[in-house]
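Inspection log for the structure reproduced underneath, given as C-alpha cells.
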Amino acid sequence: MRLLLIFVVSVSADLNWWKTALVYQVYPRSFKDSDGDGIGDLKGVTEKLPYLKDTGIDAIWLSPIFLSPMRDVGYDISDYRKIAPEFGTMLDFEMLVRTAKELGLRIILDFVPNHTSNESEWFVRSQKSDPHYKDYYIWADGITKEADQEMLPPSNWVSHFRKSAWKYSEERGQYYLHQFVIGQPDLNYRNEKVQEEMKEVLRFWLDRGVSGFRVDAVNVLYEADPKNYGGRYPDESRSDDPSAVPDDYEYLKHIYTRDLDEVYTTIYDWRQVLDEYTSKGEYKFMVTEAYADVEHLMRYYGAEGRNGSVPFNFGLVDKVNKDTNVVEIKAIIDEWMTKMPAGKVASWVNGNHDQPRLASRVGTNRVDAMNMLALILPGIAFTYQGEELGMTDGFISWEDTQDPRACNTDDPVNYWKHSRDPCRTPFPWDGSLNAGFSTSDRTWLPVADNYKEVNLETEITALKSHYKFYRDVAAIRKCDAIQKGRLDVKALTESILVIVRWIPNAEAVVAIMNLSENTGTVDLSNMEMLTVKLKVVASGVDCNGFENK
Ligand code: NOJ
Ligand code: MG
C-alpha cells in the first residue's frame with residue numbers, strides 16, 4: 001500500500017511539471033562553443049547544464065538545432081531529423097538529453113512547422129513536380145494582366161521580412177509562397193500528407209526523450225483557400241499604418257494570411273499526438289508562438305472538448321518599456337488572467353531571440369522587477385538566456401550583421417532598427433577572451449561591448465547582482481504559495497505594485513516592485529491574507545536600506 005502511494009505521487013509530478021515550470025531558452029549558437037569554431041554547440045550546452053540547474057531552471061527550450069543552410073539562423077530547416085553539424089551530432093544530442101535528465105532538467109525542442117528550407121528534399125522534389133511532393137508547398141501561377149505584360153506574383157502578399165511573399169521558380173514555372181525569407185517556403189497544410197509528415201516529426205523527437213515543443217509561427221500556418229476566391233489567392237488590403245511602405249509587412253492587413261480558423265484545429269491535432277506519449281507517464285508540453293491579440297491567443301488553449309497548447313503571452317514584451325507604470329502592468333496581468341479559460345495555465349515572457357533585450361527595452365533599473373514579476377505570477381515563466389544577468393543589446397555593425405530581417409532592408413544606415421542580432425550576442429560567462437564563450441579568433445556575432453562588467457562570473461562574485469536576485473527568486477518560486485497559491489495584484493501607486501501569492505492560513509509570498517527612483521513606504525497591514533510577520537528573503541540590485549517595521 002505504501003509503495004503504491006509513492007508511485008501515484010511520482011506520476012502526478014510528471015504530469016504536472018509544466019504547470020509551474022521555469023523554462024530557459026537556450027539559443028545554442030550563442031550559449032557555449034565547445035570546439036572553438038566561434039559557434040555555440042550542443043556539447044557546450046551539456047557542459048553548462050549545471051549552471052542552469054543551480055539557477056533553478058526546470059526545462060530548457062533549445063532554439064532550432066536541425067540541419068539548415070542557416071538563411072534564418074536555423075529556422076529554415078532542411079531535414080527535421082538531422083542535427084546541424086555546427087551544433088554537433090545525434091550522439092551529442094542524446095548525451096545532452098541524458099545529462100539533463102540526470103540533473104532533473106527537461107528538454108523542449110523548437111518545432112518549425114510553417115516552412116522548411118528551400119534546400120529540404122521535400123522542396124527540391126516539389127519543385128520538380130514529383131507526384132508525391134508536388135503539393136507539399138503553396139504553389140501558384142503568376143498573373144499577367146494584359147498580353148505582353150510582365151508577369152506579377154499571384155497576390156500582393158508581403159513577407160514578414162519585407163518584399164513580395166512569392167518567389168518565382170524557373171524550374172517549376174510557378175511561384176511559391178514564403179511568409180519569411182525566400183529560403184523558407186511555406187508548407188501546404190491543406191495537404192493531408194503534410195499533416196502526417198509533421199506528426200511523424202513530432203513522434204521522432206518524442207521517441208528520443210524530449211519533454212515537448214515550442215512551436216514556431218503557428219498563426220501563419222494557413223492562408224485563404226483559393227477555392228473560396230475564384231481559384232485565386234486574394235489580395236490583402238492596406239493597413240492603417242501610415243508610415244509603412246509597400247515593401248513592408250506592416251503595409252497590409254493580414255486577413256488572408258494569419259489567424260485562420262484551421263490553425264487551431266491543427267494545434268489540437270498535434271496536442272493529440274503529444275497526448276499519445278503523455279499517456280506513457282510524462283506530460284509532453286507544447287507552447288505556441290503567435291503574435292496576435294489576446295482573443296485569438298485564447299483559442300490555442302483548446303475548444304469544444306479538445307485540448308490545445310499553452311500560448312506564449314507576449315504582453316510583458318509588447319507593452320512594457322522604460323515609461324510603463326504599474327497600473328498598466330497590472331492591466332496586462334489582469335487581462336490574461338480574466339480572459340484565460342478556467343483551469344488553464346498562464347505563461348509569462350520577458351524576452352526571446354526576436355526581441356530587444358529586457359535591459360535595453362525596460363532599462364537596466366527595471367530588470368530585477370520584471371524578472372521577479374514573471375517568476376512570481378501563476379503559471380509558466382520563460383527566460384531568454386542572458387536576461388538573468390541583465391544583458392543589454394550588443395552593437396552589431398552592418399558588416400557583421402547576420403539577421404535576414406536586417407539584411408533585407410539593404411540599408412547600411414537604418415538596418416539596426418530591424419535587426420535581431422543585438423539580442424543574440426554570445427553569452428558572457430566571464431571577462432576573458434570572447435567572454436569565455438569561445439576560444440576562436442572570431443565568434444559568429446561579436447560579444448557585447450560591456451561583457452567585462454556584465455558577465456556571470458562578475459555577477460556571482462558581486463555582493464548583489466541581477467543574477468543573484470534572479471537565482472534567489474527562482475529558489476523562492478519552489479515554495480507552495482507560488483506553486484499552488486492564490487494571486488492578488490495591487491497597484492498601490494503608479495509606481496508601486498504588490499503581488500501576493502498565498503495559501504490561506506499557511507504561507508504567503510509578497511513581491512513588491514517600485515518603478516520610481518524614490519524610496520517609498522508600503523503599508524501591507526490591510527491585506528487580510530497577511531496575518532503573520534513578513535521577512536525579506538530577496539532584494540534587487542537597487543534596493544537598499546529597506547526597513548521592516
Ligand atoms: C519566429 C522565430 O522566433 C523567428 O526567429 C523566425 O525568424 C520566424 N519565426 C520564422 O521561423
Ligand atoms: Mg562550436
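The values are calculated or read from the model by the stated rules, or taken from the named source; none is laboratory data. Since the structure is predicted, the reported quantities are computational estimates derived from the model, not experimental observations. Glycine also receives a Cβ, built like all others from the backbone with ideal geometry; neighbour counts cover every protein chain displayed. Quick note on the areas: whole protein, heavy atoms, side chains included, nothing else; ligands and nucleic acids left out. Shrake-Rupley method; radii C 1.70, N 1.55, O 1.52, S 1.80 Å.
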### Query
Just wondering, is there one or more residues in the stretch 412-429 that are of a type in the set (S, T, N, Q) and in contact with a Pro (Cβ under 6 Å, 6 or more places away or on another chain)?
no
#### Entry: Filter result (touching a helix residue (DSSP H, G or I) at 6+ places or on another chain (Cβ under 6 Å), within 22 Å of residue 217 (Cα to Cα) and either among the basic types (Lys, Arg) or assigned to a loop (DSSP other than H, G, I, E, B) (or both)) within the stretch 264-297
284, 290, 292
### Query
Quick check: is even one residue across the stretch 352-371 open to solvent by less than 10 Å² (accessible area, probe 1.4 Å), of a type in the set (Lys, Arg) and part of a loop (DSSP other than H, G, I, E, B)?
yes
### Query
How many residues does the stretch 132-142 contain that are within 12 Å of residue 173 (Cα to Cα) and open to solvent by less than 80 Å² (accessible area, probe 1.4 Å)?
3
### Query
Restricting the stretch 227-263 to residues that are outside any helix (DSSP H, G or I) and under 23 Å from the mean Cα position of the chain (by Cα), which is surrounded by the most Cβ atoms within 10 Å (Cβ to Cβ)?
257
### Sole residue being of a type in the set (Ser, Thr, Tyr), at pLDDT 95 or above and either open to solvent by 40 Å² or more (accessible area, probe 1.4 Å) or closer than 20 Å to residue 197 by Cβ (or both), chosen from 27, 80
80
### Query
Only one of (1) more than 23 Å from residue 484 (Cβ to Cβ); (2) surrounded by fewer than 23 Cβ atoms within 10 Å (Cβ to Cβ); (3) of a type outside the set (Phe, Trp, Tyr) fails for residue 343. Which number is that?
(1)
### Message
Looking only at residues that are in contact with a Phe, Trp or Tyr (Cβ under 9 Å, 6 or more places away or on another chain) and within 15 Å of ligand 2 (Cβ to nearest atom) in the stretch 47-62, which one is farthest from residue 206 (Cα to Cα)?
### Response
48
### Message
Show me the strands (runs of 3 or more DSSP E) found entirely inside the stretch 467-530 where at least 2 residues are open to solvent by less than 40 Å² (accessible area, probe 1.4 Å) and under 22 Å from residue 55 (Cα atoms).
### Response
507-514
### Task
Output the residue which, of all residues in the stretch 30-72 that are touching a Gly at 6+ places or on another chain (Cβ under 6 Å), small (Gly, Ala, Ser) and within 16 Å of ligand 1 (Cβ to nearest atom), is most open to solvent (accessible area, probe 1.4 Å).
68
### Query
From the list 168, 137, which residue is in contact with a helix residue (DSSP H, G or I) (Cβ under 6 Å, 6 or more places away or on another chain), more than 16 Å from ligand 2 (Cβ to nearest atom), under 25 Å from residue 225 (Cβ atoms) and of a type outside the set (D, E, K, R)?
137
